[in-house]
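All remarks here apply to the structure that follows.
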Amino acid sequence: MKKTKLKEITTSQKALELSEELGQKAADTESLPQAQAELEEKLPAMKRGPIKKVWDKVLFLWEKYKSPEVPLRLKITIVGALLYLILPADVLPDVIPGIGLVDDLSVILIVFREVSKYVLPKIEKKIEQKIYDTCYEKIDEKLSLIFKATLLNTLWTFLANALGCAILVIKPFGTPYSRYVAYVVFGLTAAWTFFRIIRYLVQYGATTKKIAAAIWHRRSISKGLSDFVKEEYIYINYIYAGIEIAKSFVPEMPEIPDLPQIIKTFEKHYKKRVLLFVILLALYTALIWLTKFLLLR
């Protein structure tokens, strides 16, 4: 069994070396355009036997060979592998039934893995940029508008309550009437706050519930927000599902960060809200304490 395995490795190495020679020869003699024309003519006929099962990888290599983004060094490797596939001068002649294309298959798989290590990180970068362009800016803009509205309403509510407290302390309308006016101010402010909370729950309650549930389920803000974004923006989920499928074919495919920019903008805005809540709590505490102090002195 060891001898058989050693023989397979030797055959693969020889086949790979021969394919590299073919590619280098085409490059040295400046006949890459001629090789490309030959491949365009003969490559479709090779979709047979074991090669048929990896035809998607053959097409992947062919596409990357024609891509202007792939460096010449890698193109030489690709063209050598594809020339090895279509030319009869192999380590194992193609005419041998059953095993004639095994060496060709080995070369295609080895070169496919090598090209994938170079190409897939670039695909990863493009996917991240696409997600950023289509989603991040829109989400950031929407969350900024919500935060500005919350900040403005919170400021007006605090100033109204501060006015009520000032009326209680200063008593501009006399003691009983000033108290009634202050109560009216407090009542209107409470009604406005209640209305605002109801309106927020109607508009964003379901979304807030989804985010909270996702964060609770994953026990992580980042992971929970990632799950929420994938579910809310379904086409992003399709992209990531495609990436998972690609990983099953190419184990070396690098891990793609889990929507880092989009998650960061959610975290940024929710941290702003937490900060606003803390500041508001401190202001109301100071307001109530000051009012009591002035009334009881």
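The values are calculated or read from the model by the stated rules, or taken from the named source; none is laboratory data. Just so it is clear, the model here is predicted, and its values are computed rather than measured. For neighbour counting, all protein chains shown are included, and Cβ atoms are generated from backbone atoms with ideal geometry for every residue, glycine included. Surface areas here come from the heavy atoms of the whole protein model, side chains and all, with no ligands, DNA or RNA. Shrake-Rupley method; radii C 1.70, N 1.55, O 1.52, S 1.80 Å.
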Condition check for F173: hydrophobic (A, V, I, L, M, F, W, C) and either in contact with a His (Cβ under 8 Å, 6 or more places away or on another chain) or part of a loop (DSSP other than H, G, I, E, B) (or both):
yes
Subset of the range 195-229, residues more than 19 Å from K268 (Cβ to Cβ) and not in a helix (DSSP H, G or I), comes to R219
Within the range 170-187, residues being loosely packed, with under 15 Cβ neighbours inside 10 Å and hydrophobic (A, V, I, L, M, F, W, C) number 3
Go over the candidates A190, A213 one by one and state the one that is of a type in the set (A, V, I, L, M), at pLDDT 90 or above and surrounded by 13 or more Cβ atoms within 10 Å (Cβ to Cβ).
A190
Scan the range 216-227 for residues that are touching a residue at least 24 places away in the same chain (Cβ under 8 Å) and open to solvent by 60 Å² or more (accessible area, probe 1.4 Å) and report the count.
2
Residue list for the range 247-283, filter: surrounded by fewer than 11 Cβ atoms within 10 Å (Cβ to Cβ) and at pLDDT 65 or above
V274, L275, V278, L281, A282
